[in-house]
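Read through the structure below, which is laid out as structure tokens, and then see the notes.
Rule-based calculations on the coordinates, nothing more; no lab input. Worth saying up front: this structure is predicted, and the values here are computed from it rather than measured. Note that we place each Cβ from the backbone using ideal geometry, even for glycine, and neighbour counts take in every protein chain shown.
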Amino acid sequence: MRLPETQLALLEAASATEARTIARLAERLGEDPASLTRAAFELEDRGLLAVEERAAETRSLTAEGERYREVGLPERRLRAAALEAGGADEPVEMGRLIGEADLEGEVDIALSNLARKGYGDIDGGAVSAAPDPETDPDADPEAEALDSIAGDADAEADVESAVLDRLVSRGLLERSETTVRSVTLTEAGVTALMEGIEAAETVGAITPELLTSGEWDAVEFAEYNVEADAETTHGGKEHILRRTANRVKDVLVGMGFEEMSGPHADADFWINDCLFMPQDHPARTHWDRFALEVAPMADLPPDLVERVADAHRNGVGEDGDGYHSPWDEDFARAVALRGHTTSLSMRYLSGQAVGELEPPQRYFSVEKVYRNDTLDPTHLLEFFQIEGWVMAESLSVRDLMGTFTEFYEQFGITDLEFKPHYNPYTEPSFELFGRHPETGDLIEIGNSGLFREEVLSPLGVECDVMAWGLALERLLMLMYGFEDIRDVHGTLCDLELLRNVEVVY
């Protein structure tokens, strides 16, 4: 009998008395596990091997789990520091223990698990270490499990299921299910080995060299089992969000728009002050914006700063009336992550980006913005905004509605609804809504309006400007029927969904 070298090596390494896993045999033989798996199924078809499959769980520590294994769980470090400071006799201030236990950024984790395990109590910012805790810190099941799994990730490791679940919930452990294949020699396999098997040179395909040399007639071609399991390989592909963003750009360019670009971190002046947003507006507090601890922006145009400040304090025109609230130039120069890409519009309309613009003009951007929102199915801390504006004479709301109708029709969305709205920077203003194809609910997809005189006059713009901010992720929801944008991007995204989603045109 003649067999390919890989099949022969596997047959010789297998045992008739014990099942041996293909993974261990591949390591021993220095073979690729996928190649050895194919060889096992081919030998099974010949009746020389028996292949057994079972489901098994693999475990691996996350980066944080590895770190805790090295430095210790936060609750154990906190208790040790509290004991060292006399916390068994009287409470110790938490501020004193943070540095000693190296808990920077881990205080909440340490406190919650300290109480859960009965290692101590927290009262009024002070920590008391329990002299006789319910759980022995020197025999902490979670710490022991980290060591056990690091030493042997095999699913057979003796770790209680509840402890594993706790480690997963803490983000210290990842669990996955795999198929383990084991092989055993059959009687026919043992007989074949006793009678002797020759190694045959096999090739997978006919090459020009084999044909010209005539060697094709002397080699043995490998057999292909199209039903054999093989490792799934996922090729790279463009993310659906990026693909849709690029399509949005193509549509807007086709409608005569030019693209804007600019900084993600910008002065509050460009992000909000130019938009006639009062400095005491709730959206400008640390609850809604991401302020950066960097030097204030120094290169703001002085004349524009003066005009914007005057608009805030006194309004614009004879009937104008400002906010009559303090306006602080230092606040205007403070740098934050942009909460909308309208900061780009302000840079372009003011002439600071590409020079003074003469109407008519059309500009857009599709870029990321950052807001301190509560995470839910329609909100993330960062998302993509479709910014756009048109500068022309005698614009009206009908022009704005017509632009949206034309734009969304390119994506198969025709049932738009408009709702009057208030913005500090546009008048009139309205929100856009689209109907979700799966739930039938109305989804807010954008905000829009005509810029107020208090916005345009300081910028030196003397004609109408209609503008909007649309959510790219909401457009995706209407196109594909997604109900939770966290499935599409972010730390909880559904990779299988992204791999298999079909392109919508």
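One table, with the values for the structure above:
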| item | result |
| --- | --- |
| Value at 222 nm in deg cm²/dmol, rounded to 500, when DSSP H runs of n ≥ 4 in the chain each add -39,500 (n - 2.57) | -10000 deg cm²/dmol |
| Residue among Y480, C493, S457 farthest towards the positive dipole end of the chain, charges placed on Cβ | S457 |
| Lys, Arg +1 and Asp, Glu -1 on Cβ, resulting dipole of segment 74-139 about Cα centre, debye, nearest 20 | 140 |
| Set of lysines with alpha-carbon distance to K368 below 21 Å, sequence-local pairs under 8 removed | K237, K249 |
| FRET efficiency, R20 to L495 (Cβ-Cβ, R0 51 Å, nearest 0.05) | 0.95 |
| Inter-site label distance for E66 and V203 at 7 Å from Cα along Cβ, in nm | 4.4 |
| Residue order, fewest to most surrounding Cβ atoms within 10 angstrom, among D303, D399, D319 | D319, D303, D399 |
| FRET efficiency, H264 to R46 (Cβ-Cβ, R0 35 Å, nearest 0.05) | 0.05 |
| Cβ-based exposure ranking for F407, F290, in which fewest neighbours within 10 Å come first | F290, F407 |
| Inverse of mean 1/r across different Cα pairs in segment 165-223, Kirkwood, Å | 16.9 |
| Nitroxide proxy distance, nm - points 7 Å out along Cα→Cβ at V397 and R435 | 2.2 |
| Summed side-chain charge close to W327 - residues other than W327 whose Cβ falls under 10 Å, Lys, Arg +1, Asp, Glu -1 | -4 |
| Share, in percent, of DSSP beta bridges within the chain that are antiparallel, nearest 5 | 90 |
| P(r) of segment 74-139 over all Cα-Cα pairs, binned every 10 Å from zero, in whole percent | 26, 63, 11 |
| Footprinting exposure proxy for R96, R67 (fewest neighbouring C-beta atoms within 10 Å first) | R67, R96 |
| Listed candidates (i) 52; (ii) 55; (iii) 66 - label of the one calculated as percent of Cα pairs over 31 Å apart | (iii) |
| Per-pair calculated FRET efficiency, R0 = 56 Å: D303 and T179 via Cβ, rounded to 0.05 | 0.20 |
| Cβ-based charge dipole, the chain, positive-most Cα from Q352, L300, L395 | L395 |
| Of G120, L103, A80, farthest towards positive along the dipole that unit charges on Lys, Arg, Asp, Glu beta carbons give segment 74-139 | L103 |
| Length gained when the stretch C463-H379 is fully extended (0.36 nm per residue, less Cα-Cα span) | 26.8 nm |
